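The values are calculated or read from the model by the stated rules, or taken from the named source; none is laboratory data. Please read these numbers as outputs of a predicted model, since none were measured by experiment. Quick reminder, even Gly has a Cβ in these numbers, built from the backbone with ideal geometry, and neighbours come from all protein chains shown.
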Amino acid sequence: MADDVPVTSAPGAKYDVVRELYERFGQDTFVFQSTLDDVPTLWVPRAKLVEVLAFLRQAPRPYVMLLDLSAVDERLRVNRQGLPPSDFTVFYHLLSIDRNSDVRIKVALSADDLHVPTVIHIWPNANWYEREVWDLFGITFDGHPHLYRILLPRNWTGHPLRKDYPARATEFDPFMLDAAKQDAEQEALLFRPEEWGMKKGTADEDFMFLNLGPNHPSAHGAFRIVLQLDGEEIVDCVPDIGYHHRGAEKMGERQTWHSYIPYTDRIDYLGGVMNNLPYVLAVEKLAGITVPARVQTIRVMMAEFFRITSHLLFLGTYIQDVGGMTPIFFMFTDRQKAYDVIEAITGFRMHPAWFRIGGVAHDLPKGWDRLVRNFVEWLPKRLDEYVKAAVSNGIVKARTVDVAQYNSKQALEWGVTGPGLRATGVDFDLRKKRPYSGYENFDFEVPLAHNGDAYDRCLVRIEEMRQSVRIIKQCLENMPAGDYKADHPLTCPPPKERTLQHIETLITHFLSVSWGPVMPAGESCQLIEATKGINSYYLTSDKSTMSYRTRIRTPSFAHLQQIPAVVNGSMIPDLIAHLASIDFVMADVDR
């Protein structure tokens, strides 16, 4: 799985970064790890970590984005031949727009010395990721200005993603909430400005501190943001997340590879099968499964249907947040028309959990083409009406043009992806740049804007719906014949009709359903262009029926962290417009 192979055995332009690092720091500085996702992966000594990361950030074709940062508790992992000794591992997933490639840097830690230097000075969005690692693993990032819990309450005991932390409620003592504990819980919720470097006022006046959320219609879910106000102006603010945290990554360690699929539906709960896609693609890399062309096309078609349903909900709530009440009712109605098609094909509406390892749950039903054709012929004219009646409205423009504006440099350093990045003029869409599931076979355009404001983020999503219609039409007109599942022993579960004909298939089906498939040891990561930006699953298999580590990178987590950098100095209504233009859901943030 991993070894100290010379860099010459890692061909391809994406491995140029390995050669550059070897030339700069010496090959002996690193341990090269082969992974099933083909992302260049290098282990570095902790003493060299910051220097290596700073070099990558400042390289001629720099790794401008810290896409992800998390950790792994290695203490129970058996299959890690060739890797440096490590009780805990911190990894940094970096993305380069110029190279259109990634690199993964890892550092090994001993259980009695869980300290790593902060890299906030290199990528500002490392702030929340480092807090998350401290919260869930107990790893300290030296130099971090606010190393407080981020997903769990301040008075929580323990670090849940450690392997010795219980994974089931039955493993805990019964929950008791006496008066003293309730008082302590309430005390932990108090906001103390001094902890965040905020002053309570000036020599002449006091600042006002306003809690927006965690229960507020403009907060788009259980999200709290504390505003420091000088009159109507936002001097500073602190986003507060974690109210929707459900431990999805921990659950991945206790569910079989197959039975975890329904959990993925609930991450971005508006994304439906779009959430299944990066997960099943990552598992298929582990298993070595190549799916039929029909499966690829079905997956693309249904993913684009959910891009449309998600964007329609965005558009309705966006216009509502800037003062228009009527459009949201029309958009909810139109969204139901898309769900009618989704239900006819998958059997469910919002959470079908319909993709499978190696395929989809069942083949397309009779008459699916007529339903799809009717919808894609109807929607474009409807979008034209929305643009004319609502998006071109003078009030909407006045509330959003030049509001909550940021440029491409700021977007990249805060980890912004998806429509929020493309609204600044950056032409980066994984469906084009790194096609997956057969997207290379489709003719479509990537909508761009250049002002990077709340209005442009809306326009980009409207055009993305038009392109989704274009993709779905091509699926409709060019749906390949063939099987809806791969013929592979780790496909889960194998087609039911074959179980009565082949004893091997019957045995595999029985094991898949009752026990679950055993995936080969290894690591794989899959990035996709989800409804809200880049969503990825980074899976570690220890040759078991369950994932050893399931890391979920969501776009909304990064997008909320950027809020203070965008709205400080603005007015409260501008914050509401910005929240609407981000298009987030809290399950996608908290996981």
Matching entry among ARG162, ARG168 (being modelled with pLDDT under 85, basic (Lys, Arg) and within 23 Å of ARG551 (Cβ to Cβ)): ARG168
From the options GLY272, GLY316, residue that is in the same structural domain as SER541 (by TED's automatic domain parsing) and at positive phi: GLY272
I want to confirm something. Restricting to region 475-495 and keeping residues that are part of a loop (DSSP other than H, G, I, E, B) and under 23 Å from LEU371 (Cβ atoms), which single residue is nearest to the chain's Cα centre (by Cα)? TYR484
What about MET274, is it within 23 Å of the chain's Cα centre (by Cα) and either surrounded by 18 or more Cβ atoms within 10 Å (Cβ to Cβ) or of a type in the set (Asp, Glu) (or both)? yes
Anything in region 275-318 that is within 24 Å of VAL391 (Cβ to Cβ), touching a residue at least 24 places away in the same chain (Cβ under 8 Å) and not β-branched (Val, Ile, Thr)? List them, or say none. GLU304, PHE305, PHE306, ARG307, SER310, HIS311, LEU312, LEU313, PHE314, LEU315, TYR318
ALA10 versus (1) surrounded by fewer than 18 Cβ atoms within 10 Å (Cβ to Cβ); (2) at pLDDT 90 or above: which is the lone unmet condition? (2)
Going through region 192-237 in order, the residues found to be in contact with an Asp or Glu (Cβ under 9 Å, 6 or more places away or on another chain) and of a type in the set (Val, Ile, Thr) are THR202, ILE225, VAL226, ILE234
Taking the stated definitions as given, is ARG370 surrounded by 17 or more Cβ atoms within 10 Å (Cβ to Cβ), without any contact (Cβ under 8 Å) to a residue 60 or more places away in the chain and within 30 Å of ILE298 (Cβ to Cβ)? no
When only residues in region 59-95 that are of a type in the set (Gly, Ala, Ser) and in contact (Cβ under 8 Å) with a residue 60 or more places away in the chain count, which is surrounded by the fewest Cβ atoms within 10 Å (Cβ to Cβ)? GLY82
Residues that are within 21 Å of GLN526 (Cα to Cα) and touching a Ser or Thr at 6+ places or on another chain (Cβ under 6 Å): find the strands (runs of 3 or more DSSP E) completely inside region 91-142 holding 2 or more of those. 101-109
Failed condition for ILE472, given (1) assigned to a helix (DSSP H, G or I); (2) within 22 Å of the chain's Cα centre (by Cα), with all others met? (2)
Could you check, for region 288-311, whether at least one of its residues is at pLDDT 90 or above, buried (at least 24 other Cβ atoms within 10 Å of the Cβ), assigned by TED's automatic domain parsing to the domain that holds TRP368 and not in a helix (DSSP H, G or I)? yes
Go through region 517-570 and count every residue that is of a type in the set (Ser, Thr, Tyr), within 17 Å of ILE289 (Cβ to Cβ) and in a strand (DSSP E or B). 3
List the number of the failed condition for GLN182; all other conditions in (1) assigned to a helix (DSSP H, G or I); (2) in contact (Cβ under 8 Å) with a residue 40 or more places away in the chain; (3) not β-branched (Val, Ile, Thr) hold. (2)
Go through (1) assigned to a helix (DSSP H, G or I); (2) under 20 Å from ASP268 (Cα atoms); (3) free of Cβ contacts under 8 Å to residues at least 40 places away in the same chain one by one and return the number of the condition ALA344 breaks. (2)
Residues located in region 494-513, provided they are basic (Lys, Arg) and touching a Ser or Thr at 6+ places or on another chain (Cβ under 8 Å): ARG498
Residue list for region 324-374, filter: of a type outside the set (A, V, I, L, M, F, W, C) and more than 22 Å from ASN276 (Cβ to Cβ): GLY324, THR326, PRO327, THR333, ASP334, LYS337, LYS366, GLY367, ASP369, ARG370, ARG373, ASN374
Residues in region 313-335: is at least one in a helix (DSSP H, G or I), among the aromatic types (Phe, Trp, Tyr) and in contact with an Asp or Glu (Cβ under 6 Å, 6 or more places away or on another chain)? yes
In this structure, does GLU529 turn out to be more than 26 Å from PHE305 (Cα to Cα) and acidic (Asp, Glu)? no
Could you please find all residues in region 392-422 being within 19 Å of THR317 (Cα to Cα), within 28 Å of the chain's Cα centre (by Cα) and surrounded by 21 or more Cβ atoms within 10 Å (Cβ to Cβ)? THR400, VAL403, ALA404, GLY418, PRO419, GLY420
Only one of GLU445, GLU497, GLU440, GLU477 is out of contact with any Gly (no Cβ under 7 Å at 6 or more places or on another chain), exposed (fewer than 14 other Cβ atoms within 10 Å of the Cβ) and modelled with pLDDT under 85. Can you tell me which? GLU497
What number goes with the only condition from (1) buried (at least 16 other Cβ atoms within 10 Å of the Cβ); (2) at positive phi that ARG356 does not pass? (2)
Of the residues in region 30-58 that are part of a loop (DSSP other than H, G, I, E, B) and touching a residue at least 40 places away in the same chain (Cβ under 8 Å), the one that is surrounded by the most Cβ atoms within 10 Å (Cβ to Cβ) is PRO40
